[in-house]
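In what follows, a single structure is set out as structure tokens and then discussed.
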Amino acid sequence: MAATRSGVSSFSRSVSTGTSRNPGVKHGPNGTTFISSGIPDLDKILGGGYSLGSLVMIMEDAEAPHHMLLLRNFMSQGLLHKQPLLYATSASTDPKGFLGTLPAPASPKEDKTRHLTNEKDLRIAWQYKKYFGDPQLSINSNYGAHHDYCNDFDLRKPLERHFYSGKNADCVSIQDSPNLTSLQDQCAGFLSQFSRNEANISSAGRIAIQSFCSPQCKYANMEWHMLSFIRSLKAMTRSSNAVVVVTFPPSLLSPSCSKRLQHMADTLLSVRAIPDEDKEMARLLTGYQDMVGLLNVHKVARLNTQVPVILEATTFSIKLQKRRYLVLECLNQAPVDGSSGSSYNTSGSCSGSTKAGSLDF
Amino acid sequence: MEHKEANLLNESLGLDSNNNFYGRFVLVEDTVDTSAAFVLHHILNRTFSSHPSSSVIFLALSNTFSHYDRILRKIGCNLAAQRDNNRFFFIDLLMLQFPDEGKSKHNGFAAVFEKIETLIKALPQDNMKCVTIMIDDISFLQLAANGSSDHVLDFLHYCYTLTSEYGCAFVALDHRDIYLNEDKPDIILEMEHLADVLVKAEPLATGLAKDVHGQLMVFIKQHGISPVKIHNFHFKIKENSIECFYPGTKI
């Protein structure tokens with residue numbers, strides 16, 4: 001009995017020391033460490049956040065900038081935790097200006113009212129509880145607990161300047177560079193700060209690359225060059241305490257190139273806009289009016305393990321609560337016929353995947 | 001100690017009752033949705049447990065040593081110890097990248113191949129017959145060569161010749177869906193042609209499920225009366241084993 005007790009306590013101790021020393025990181029299974037994606041719901045879906053050493057790829061929708069929501073929150077969260085950031089963009093020549101558009105954490109007071117409204121919603125809908133699915137409920141109940149690790153961000157409030165004016169944030173524009181060699185050197189230099197030698201993680205780095213492979217870049221027709229870059233970036237990240245998030249437009253690449261990128265990703269997400277007046281969808285899904293887009297989770301990082309992560313649902317709706325807070329929810333089909341909750345999820349993702357067909361996912 | 005569940009996988013691969021892959025080429029194919037890396041882990045474990053003098057030369061292009069070490073430890077094989085015993089040779093090619101000009105990239109592959117050959121030659125005479133060469137991602141080889149499929153094919157052919165020259169086993173993983181839209185997917189076609197055993201991992205047509213992680217198709221080319229032997233079954237990956245079963249037989 002003593003043996004089991006000591007086993008349990010040593011496990012919990014290592015977890016608690018990790019989180020208390022550095023609020024920005026959290027220990028996960030198989031010796032991995034998570035940092036927050038900046039979206040509480042996404043952390044929950046991915047089982048804790050993005051794992052350090054992993055490459056996260058987000059497939060953009062050509063019609064909507066929803067990938068920017070994920071990217072902005074990821075960057076803001078890092079700056080809030082004083083984690084160094086390297087931001088590269090091919091969309092503009094003024095990357096520093098982009099930092100001014102990052103969201104700020106929501107103030108506690110606003111947060112409180114938000115919880116109250118949430119509970120009210122739930123009380124009204126108690127009879128439909130089984131249609132909600134567990135993740136959503138547990139996500140709501142856990143908001144307060146992990147506030148150190150992951151913040152709620154108010155998308156309408158810009159991040160205060162002092163968070164990014166220091167040396168913490170590096171910005172690069174890759175629009176005019178003829179190839180990716182300089183960016184690769186920069187990433188290598190950045191990642192070398194976080195090499196995984198020490199036992200404890202003092203700091204974690206974040207690299208955000210926006211619209212990689214977009215056609216306005218000079219290297220846009222050099223597919224092998226871009227693929228090699230991502231590959232070496234992945235190899236460098238593997239041995240460092242950093243997370244790289246890359247967004248790319250799959251529709252602008254050749255199918256085989258896009259597939260190769262998807263294979264390279266440890267965590268693969270895609271975002272999709274939803275048409276404004278799709279009456280069929282509106283009838284099918286509850287809360288359709290509040291949705292701004294859909295998030296698909298294709299692959300979840302599995303470092304140090306061979307077991308794939310199978311999620312309850314892979315399609316989530318992106319909602320803006322009060323036009324301020326980013327919320328991800330399982331798709332809830334309107335309760336028309338009396339089938340079980342799990343089939344709702346699958347039918348939701350089925351209708352999603354038929355949509356995806358035209359987008360080459 | 002073999003897990004009972006993995007018997008079906010062993011049986012279909014032709015690995016039951018002390019058979020092995022020596023002298024043959026095994027090609028494993030997967031897709032974005034269903035990774036087949038677990039087949040490599042299984043073969044690795046099986047190789048080390050089956051014969052006391054067997055050794056593996058592992059060309060790692062996609063994952064680090066610690067990743068494989070942790071996975072294999074859960075299955076029941078200590079890679080670090082095997083490495084110290086000179087039975088596991090981990091060649092780290094994660095940053096392998098050849099410069100873009102002229103002939104230099106060919107020399108790069110030649111150097112890798114020379115390394116493999118010297119490793120085999122350095123082994124004691126008895127162990128030389130029990131060498132497995134494993135590549136964890138063929139598609140990354142093409143990236144390292146800046147897209148030149150000819151150089152990759154040359155290299156793979158050279159590796160393939162080792163199966164007849166030294167009686168090595170050659171195991172390689174590639175991604176099937178990359179080549180679906182290519183005009184001339186010569187790498188995958190030639191490799192499929194050469195393969196003695198072809199393992200394809202696919203997702204279920206009905207989508208993801210918690211209890212079934214995908215399906216495996218195993219083609220074994222026999223040089224006898226029946227040309228190809230096909231096995232088709234579902235699998236579920238666990239930390240310490242693979243559970244394989246025929247469709248509909250799992251309770």
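The values are calculated or read from the model by the stated rules, or taken from the named source; none is laboratory data. Nothing here was measured: the structure is a model prediction, and the numbers come from that model. Cβ placement follows ideal geometry from the backbone for every residue including glycine, while neighbour counts extend to all protein chains displayed. To get the accessible areas, we keep the full protein, side chains included, count just its heavy atoms, and leave off ligands, DNA and RNA. Shrake-Rupley method; radii C 1.70, N 1.55, O 1.52, S 1.80 Å.
For (1) touching a strand residue (DSSP E or B) at 6+ places or on another chain (Cβ under 7 Å); (2) over 27 Å from A:Ser228 (Cα atoms); (3) more than 10 Å from chain A (Cβ to nearest Cβ); (4) open to solvent by 70 Å² or more (accessible area, probe 1.4 Å), each residue gets a yes or a no:
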residue: B:Tyr68; (1), (2), (3), (4): no, no, no, no
residue: B:Lys74; (1), (2), (3), (4): no, yes, no, no
residue: B:Leu79; (1), (2), (3), (4): yes, yes, yes, no
residue: B:Arg83; (1), (2), (3), (4): yes, yes, yes, yes
residue: B:Pro99; (1), (2), (3), (4): no, no, yes, no
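Spot the failing condition for B:Val171; the list is (1) more than 14 Å from chain A (Cβ to nearest Cβ); (2) assigned to a loop (DSSP other than H, G, I, E, B), and only one is missed.
(2)
Inspect all residues belonging to region B:214-223 and state whether any of them is surrounded by fewer than 16 Cβ atoms within 10 Å (Cβ to Cβ) and of a type in the set (Gly, Ala, Ser).
The initial filter retains those residues of region B:214-223 that are surrounded by fewer than 16 Cβ atoms within 10 Å (Cβ to Cβ), namely B:217, B:222-223.
Subset that is of a type in the set (Gly, Ala, Ser): none.
No, region B:214-223 contains no residue that is surrounded by fewer than 16 Cβ atoms within 10 Å (Cβ to Cβ) and of a type in the set (Gly, Ala, Ser).
Of the numbered conditions (1) open to solvent by 10 Å² or more (accessible area, probe 1.4 Å); (2) under 16 Å from the mean Cα position of the chain (by Cα); (3) away from every other protein chain (no Cβ under 13 Å), B:Leu15 satisfies every one except a single condition; which is it?
So B:Leu15 meets the others, but not (1).
Is it fair to say B:Gly108 is part of a helix (DSSP H, G or I), over 24 Å from B:Leu44 (Cα atoms) and in contact with a helix residue (DSSP H, G or I) (Cβ under 8 Å, 6 or more places away or on another chain)? Explain how you work it out, then say what you get.
Working: part of a helix (DSSP H, G or I): yes; over 24 Å from B:Leu44 (Cα atoms): yes; in contact with a helix residue (DSSP H, G or I) (Cβ under 8 Å, 6 or more places away or on another chain): yes.
Judged against the criteria, B:Gly108 is a match.
Condition test on B:Asp183, is it open to solvent by 10 Å² or more (accessible area, probe 1.4 Å) and either within 14 Å of chain A (Cβ to nearest Cβ) or closer than 25 Å to B:Thr64 by Cβ (or both)?
On the way: open to solvent by 10 Å² or more (accessible area, probe 1.4 Å): yes; either within 14 Å of chain A (Cβ to nearest Cβ) or closer than 25 Å to B:Thr64 by Cβ (or both): yes.
So B:Asp183 passes the test.
For region B:43-63, how many residues meet the condition of being in contact with a Leu (Cβ under 7 Å, 6 or more places away or on another chain) and open to solvent by 20 Å² or more (accessible area, probe 1.4 Å)? Steps first, please.
At the first step, the residues of region B:43-63 found to be in contact with a Leu (Cβ under 7 Å, 6 or more places away or on another chain) are B:44-46, B:55-57, B:59-61.
Restricting the remaining residues to those that are open to solvent by 20 Å² or more (accessible area, probe 1.4 Å) gives B:45-46.
Within region B:43-63, residues that are in contact with a Leu (Cβ under 7 Å, 6 or more places away or on another chain) and open to solvent by 20 Å² or more (accessible area, probe 1.4 Å) number 2.
Please enumerate the residues belonging to region A:232-246 that are open to solvent by less than 10 Å² (accessible area, probe 1.4 Å) and not hydrophobic (A, V, I, L, M, F, W, C).
A:Thr237, A:Ser240
Within region B:201-212, how many residues are within 9 Å of another protein chain (Cβ to nearest Cβ) and not in a loop (DSSP other than H, G, I, E, B)?
0
What single numbered condition from (1) touching a residue at least 60 places away in the same chain (Cβ under 8 Å); (2) away from chain A (no Cβ under 14 Å); (3) open to solvent by less than 10 Å² (accessible area, probe 1.4 Å) fails to hold for B:Leu198?
For B:Leu198, the failing item is (3).
Residues in region A:251-289 that are away from every other protein chain (no Cβ under 14 Å), assigned to a helix (DSSP H, G or I) and either open to solvent by 30 Å² or more (accessible area, probe 1.4 Å) or on the phi > 0 side of the Ramachandran plot (or both): how many?
Filtering region A:251-289 down to residues away from every other protein chain (no Cβ under 14 Å) leaves A:252, A:271-289.
Those still in the list that are assigned to a helix (DSSP H, G or I) too: A:252, A:279-284, A:288-289.
Next cut, either open to solvent by 30 Å² or more (accessible area, probe 1.4 Å) or on the phi > 0 side of the Ramachandran plot (or both) only: A:252, A:279-280, A:282-284, A:289.
Looking only at that region, the number is 7.
Go through region B:157-187 residue by residue and tally those that are touching a residue at least 12 places away in the same chain (Cβ under 8 Å) and basic (Lys, Arg).
Residues flagged as touching a residue at least 12 places away in the same chain (Cβ under 8 Å) and basic (Lys, Arg) within region B:157-187 amount to 1.
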